[in-house]
1. For segment 190-198, state whether one or more residues are in the same structural domain as Asp138 (by TED's automatic domain parsing), of a type in the set (A, V, I, L, M), over 23 Å from Ala256 (Cβ atoms) and in a loop (DSSP other than H, G, I, E, B).
2. Collect the residues in segment 7-27 that are modelled with pLDDT of 90 or more and charged (D, E, K, R), keeping them in residue-number order.
3. Given the options Val155, Val121, Val172, Val182, name the one that is at pLDDT below 95, crowded, with 19+ Cβ neighbours inside 10 Å and more than 30 Å from Leu258 (Cβ to Cβ).
4. Filter segment 20-77 down to the residues that are farther than 23 Å from Arg312 by Cβ and of a type in the set (Lys, Arg), then identify the one that is surrounded by the fewest Cβ atoms within 10 Å (Cβ to Cβ).
5. Residues Leu52, Leu74: which one is touching a helix residue (DSSP H, G or I) at 6+ places or on another chain (Cβ under 8 Å) and in the same structural domain as Gly193 (by TED's automatic domain parsing)?
6. If I ask for residues that are farther than 13 Å from Gly239 by Cα and either touching a Gly at 6+ places or on another chain (Cβ under 9 Å) or assigned to a loop (DSSP other than H, G, I, E, B) (or both), which ones from segment 277-290 would you list?
7. Going through segment 258-276 one residue at a time, which ones are over 18 Å from Val243 (Cα atoms) and either polar (S, T, N, Q) or in a helix (DSSP H, G or I) (or both)?
8. Which one of these is among the aliphatic types (A, V, I, L, M) and farther than 30 Å from Arg15 by Cβ: Ala233, Ala266?
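The values are calculated or read from the model by the stated rules, or taken from the named source; none is laboratory data. Remember, it's a predicted structure, so these values are computed and weren't measured experimentally. Heads up, the Cβs are rebuilt from the backbone with ideal geometry, glycines too, and the neighbour counts pull from every protein chain shown.
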Amino acid sequence: MGSAAPANEPLDVIRPMLATQGGVPQDDGWAAEFKWDGFRGVAHCQGRDVRLISRNDLDFIGRFPELAVLPDLLHHRTAVLDGEIVALDEEGRPDFGLLQQRNKAAPGVHDLRRPRIAYFVFDLLHLDGRSLLSTPYDVRRAMLVQLALPGNHAVQVPPTFTDTEPADVLHVASQYGFEGIVSKRVKSRYEPGRRSRAWVKTPFRYTQEVVIGGWRVGQGNRAGRIGSLLLGAHDGRGGLVYVGHVGTGFSQVVLADLQRDLERLARPTSPFDVEVPREHARDALWVEPELVGEVEFRQWTSDGRLRHPAWRGLRADREPSSVVLPRESTQD
């Protein structure tokens with residue numbers, strides 16, 4: 001299980017293991033979990049200290065202070081946990097829109113009003129000086145359950161289904177309005193920072209992280225404000241490729257906040273490394289490609305565009321350089 005580290009040495013940051021996208025596995029040896037709709041965070045707990053690190057090295061504890069209870073729940077043991085920060089609606093289901101609202105609150109402000117925040121812990125990577133990265137998934141999961149984290153608290157351990165076919169779990173997920181499932185090989189090791197085929201995510205809808213490269217002024221009730229955003233993602237050579245535009249899925253508050261951010265990032269020329277179609281580039285207002293968002297869409301078109309995208313929200317937990325085209329679209 002790895003060598004023990006001195007208790008007084010700070011824990012090394014462990015990058016989250018990522019899943020590949022695909023259909024439900026048909027062979028044996030898989031467990032299935034519900035796919036949660038939130039911010040991924042790896043919690044590094046040592047004594048009374050905790051860091052909850054995002055994929056782009058933000059510490060989420062300041063943003064979600066109710067999760068600072070983790071050391072107490074662990075009785076001040078040393079542990080590294082992997083999980084998802086979610087906002088729960090009135091029925092206790094994760095809602096990404098509510099998480100966006102909460103994420104706008106000032107850091108350090110403990111807002112006891114809804115939406116309620118929870119940290120859904122689904123893996124244990126280190127415990128009391130021992131690395132568990134080479135330990136099989138099913139053993140790590142059993143050890144996580146043995147920590148006895150309370151089920152009705154801001155920190156919860158959601159179920160894993162080891163004796164149920166992933167297809168059946170996917171059906172249950174659809175009935176409860178979850179985002180999909182993640183299937184995990186029960187004997188797989190944890191691969192920090194890698195997108196591994198030992199984990200397969202099967203969503204009900206497609207989402208894509210995007211970089212905002214510009215915007216166009218709207219008409220009618222959006223006159224003088226954002227009408228649509230011009231979106232990009234990086235290709236295999238690191239170039240920012242235009243992938244389409246989105247003009248739906250925004251609230252008035254979101255539009256106002258975005259416009260303030262985009263006006264601050266204004267630049268005179270296009271940030272895209274390929275030519276944007278003339279009908280979309282006409283009258284475009286270009287911006288530095290620093291803001292990452294997420295859209296929901298139906299499919300990729302044959303020319304590498306997002307079909308019928310709708311805005312979901314900004315992703316403060318992502319760096320623009322991490323936003324890449326999926327292989328199946330090129331393309332990923």
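1. No, that holds for no residue.
2. Answer for segment 7-27, where residues must be modelled with pLDDT of 90 or more and charged (D, E, K, R): Arg15, Asp27.
3. Val155
4. Arg48
5. The match here is Leu52.
6. Pro277, His280, Ala281, Arg282, Asp283, Ala284, Leu285, Trp286, Val287, Glu288, Glu290
7. Leu258, Gln259, Arg260, Asp261, Leu262, Glu263, Arg264
8. Result: Ala266 is the single residue among Ala233, Ala266 that is among the aliphatic types (A, V, I, L, M) and farther than 30 Å from Arg15 by Cβ.
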